Amino acid sequence: MADRKASLSFDQQTLEFPVLNATLGPDVIDIKSLGNAGVFAFDPGFYSTASCTSKITFIDGDKGVLLYRGYPIDQLAYHSDYMEVCYLLLNGELPDAQEKNAFIKEINQAHELPPKMLHLFKGFDQDAHPMSILIALVGALSAFDSKNPKDPAGRYQMAIELIAKIPTIAAMCYRHTQGLAFIPPRADLSYAENFLHMMFAEEADSPAPDPILARAMDRIFTLHADHEQNASTSTVRMAGSTGANPIACIAAGIAALWGPAHGGANEAALNMLHQIGSEDKVESYLERAKDPKDPFLLMGFGHRVYKNYDPRAKIMRETCHEVLDLVGAKEDPIFKLALHLEKIALEDSYFVEKKLYPNVDFYSGITQSALGIPSTMFTVIFALARTVGWASNWIEMISDPQQRLSRPRQLYTGEKERAVKPIAERA
Ligand code: CMC
C-alpha cells in the first residue's frame, strides 16, 4: 500500500500526494510538496496536522487508549514503575532486572547539582512562582552541560542527567519558596521516595517517606511521562530542530507546559475549586462554563485528543481516592467540592455532548494537594515527570535522517506593499 495517493483539485489543477501508513491510528497525507503549487495548508492549532513521525507514544482519543512503546498505560501503571517507564521510553523496551538496577544506579549517581547552581536560587524572591525558578534553573543547567549531542551516547547521558537532576531542582524550588534549607538527594531511596524526601524531610537523615505516598507519587510520574506531540513536546522538538542545546530546549518545553490549557491545568483546577468555594455555587459556575460569552472554563475538564475518558484520569482517580482515604481528607471541603463537581459535570448534557471528561490533571491536582503539596508546585511536578518524554522525543527527532528545521508558513492577511511617507505627511 506504499503507493496510495491522495489528490487535491483546485484552480483547474489536480495534485497528487503520497499517503503514509501508520501502524496504528490515522494514516497521513504527505503534503510537503504542496508549496510547489504556490499554496500552503492552513491548520492553526494543528487539529489535522502530523508534525513528525514517532515510535514512542500512541493515543486513540476516541477509544481512550494510551500506549507507551505499545504498552497500555494501565498495565504500566499497575505492573511497572516510573523507572521502568523511563527506561522503556528512552530505549524502546522494558528493562530486565539487571538493566533496571543499572539504570537506577546511573540515575542515583546523577541527582546532585553543580554546586554553583545552588547560588542561583538566591536571585529569586521567596514568593517567586516555582515554575519561573524551574525554567531559569533548567536553562542554567545547559551552561554546565558538556555532553556531545551529536554522539548517541552523549544524548542518552543528557537524558539521564535531566531525569536525575530535575527532581533535585524541583524540590529546591519548593524549599526555596517555603524558606527552608535544601535537603540533599539520597541514593538509597527510590526515585519517588527521594523526591518526597528532598521536598519534605526535616533533616538529611530523616526516615524515608511513607511507601504508599511514594507509590502515589510514582504513579503521578508514570501517568505524566509522555503524551505524544502535545504543546510542550512539540516545543522541545521545534526548538531542537534548530540545533539548540537540548537542555535549553527542555527549558523551552517547561515554559510551554506552564499554560493553563496544558500542564498548568492542575494548578488552575485547584484554584478554580477555591474560587467556586462551596457546593451550592457549582450550578452557577457550570452555567458560566457553558456560556460561550464567558471566558470561564471548567479547568481540569476536556482534552484536545481525548473525546472519551482520559485513560490516565481513570487510574489517577483511583489513586486520588486511595490517597484521600489514607490521609483522612475525604471530608475536607475542597475535596468534597471536587467530587461533587465531577459528579454534576459528568451528568450535565453540555459536558456529555461535547465529550468533556475530567482529565488527568483534575485528579492529580487533588491528589497532590492531599499529599500536602502546594498548588504552585503541581506543574513543576508535571514537568519533572514529563522530562523523560521530552528527552525521548528530542533524541528521536535529532536521530531522524528526515529531520529538518521546523519552520511553519502563514496565511498573510496584512497590508499589501506600500511606501513609507515622510513623518510630516502621516496624518
Ligand atoms: N469547560 C467548558 N467548556 C469547554 C471546556 C471546559 N473545560 N473545554 C472545552 N470546552 C468547549 C469549548 O468551549 C468548545 O465549545 P464550542 O464547540 O461551543 O466552541 C468545545 O468544548 C470544544 O473545545 P475546544 O476548545 O475546541 O477544544 P480544544 O481541543 O481546543 O481544547 C482544551 C482542549 C484542553 C484546551 C480545553 O478543553 C480546555 O481549555 N480545558 C480546560 C483546561 C485543561 O484542563 N487543560 C488540561 C488538558 S490535560 C493536560 C495535558 O495533557 O496537557
Open item on the list: On C-alpha positions alone, give me the angle between the axis of helix 360-370 and the longest principal axis of the chain, in degrees, nearest 10.
Closed with: 20
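Using helices alone, what [θ] at 222 nm do you get for the chain, with -39,500 (n - 2.57) per DSSP H run of 4 or more residues, divided over all residues and rounded to the nearest 500?
That calculation yields -15500 deg cm²/dmol at 222 nm.
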Task: Phi-based couplings in Hz for segment 227-240 (Karplus 6.51, -1.76, 1.60; Gly and Pro marked x) - done: 7, 6, 8, 5, 4, 6, 5, 5, 5, 4, 5, 5, 4, x
Open item on the list: I want to verify a result. In a Gaussian network model of the chain, Cα cutoff 10 Å, which of these has the top mean-square fluctuation: Phe17, Phe378, Phe58?
Closed with: Phe17
TODO: Give me Arg304, Arg404 ranked fewest to most by other Cβ atoms within 10 Å of their Cβ, as a rough exposure proxy.
DONE: Arg404, Arg304
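Taking the number of other C-beta atoms within 10 Å as the exposure measure, put Asp280, Asp226 in order starting with the fewest.
Details: Asp280 9, Asp226 27.
Least to most surrounded, the residues fall as Asp280, Asp226.
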TODO: Please give the length that would be gained between Lys343 and Gln13 if that part of the chain were fully extended, namely 0.36 nm times their separation in residues minus their C-alpha to C-alpha distance (nm, one decimal).
DONE: 113.4 nm
- [ ] Sort out for me the Cα centre separation of segment 95-135 from segment 236-262, rounded to whole Å.
- [x] 18
TODO: Let me know the shape class of segment 5-50, please: from the alpha-carbon gyration tensor, a ≥ b ≥ c as square roots of the eigenvalues, rounded when a/c is under 1.5, otherwise prolate if a/b is greater than b/c, or oblate.
DONE: oblate
TODO: Could I have the simple spin-label model distance between Leu326 and Ala181, label points 7 Å from Cα toward Cβ, reported in nm to one decimal?
DONE: 2.9
TODO: Output the relative contact order of the chain, whole-number percent, from Cα pairs under 8 angstrom with separation of 6+ residues.
DONE: 19
Open item on the list: Name the residue from Leu371, Met217, Ser399 whose Cα lies farthest towards the positive end of the charge dipole of the chain, charges +1 on Cβ of Lys and Arg and -1 on Cβ of Asp and Glu.
Closed with: Ser399
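At a threshold of 8 angstrom on Cα-Cα distance, excluding pairs fewer than six apart, so keeping six or more, what relative contact order does segment 255-414 reach in percent?
Numbers: 158 pairs, mean separation 50.9, N = 160.
Taking the mean separation of contacting Cα pairs over the length of segment 255-414, I get 32 percent.
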- [ ] Within segment 178-264, list the trypsin sites (Lys or Arg not before Pro) lying in a DSSP loop whose Cβ has at most 12 other Cβ atoms in a 10 Å radius.
- [x] none
TODO: Could you check which residue among Gln126, Gln109, Gln75 shows the biggest mean-square fluctuation in a GNM of the chain with a 10 Å Cα cutoff?
DONE: Gln75
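About its Cα centre, how strong a charge dipole does the chain have in debye, to the nearest 20, once Lys and Arg get +1 and Asp and Glu get -1 at the Cβ? Write down the numbers at each step before the final one.
Working: 41 positive and 53 negative charges, 293 e Å.
It works out to roughly 1400 debye.
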- [ ] In a Gaussian network model over the chain where Cα atoms closer than 10 Å are linked, find which of Ala255, Ala102, Ala170 has the largest mean-square fluctuation.
- [x] Ala102
Task: Relative exposure of Thr53, Thr23, Thr242, Thr376, judged by other C-beta atoms within 10 Å (fewest first) - done: Thr23, Thr242, Thr53, Thr376
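Only the coordinates and a few stated rules stand behind these numbers; no lab work does. Source: prediction; values computed, not measured. Cβ sites come from the backbone with ideal geometry, for glycine too, and all protein chains shown count toward neighbours.
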